[in-house]
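Please treat every number below as a calculation from the coordinates, not as lab data. The shown structure was predicted, so the numbers you read here are calculated from the model rather than taken from an experiment.
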Amino acid sequence: MIFLLLVIPFILVGILIFLYLPQILNFTNVYAIIDAIKALELNEFGDFVGGVLNPLLSFFGFCALLYTI
């Protein structure tokens, strides 16, 4: 049981990274200078990633809290 609680978050983070990798690579271009339009796109993408990861991390924190009680 403890093993699953420790391993599942890492598996989920790995899956999320795998799913978002094409989008991350699409929004980051190392060889180009980021102009205003690119900065706006990165801002929207950061809001999206933060909006998805924040509830997931909060859920895992809540599960950890419940486990310690």
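Summary of values
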item	result
Difference of contour (0.36 nm per residue) and Cα-Cα distance, Asn54 to Ile17	11.9 nm
Theoretical gain in end-to-end length, Leu42 to Thr68 [0.36 nm per residue, Cα-Cα removed]	5.6 nm
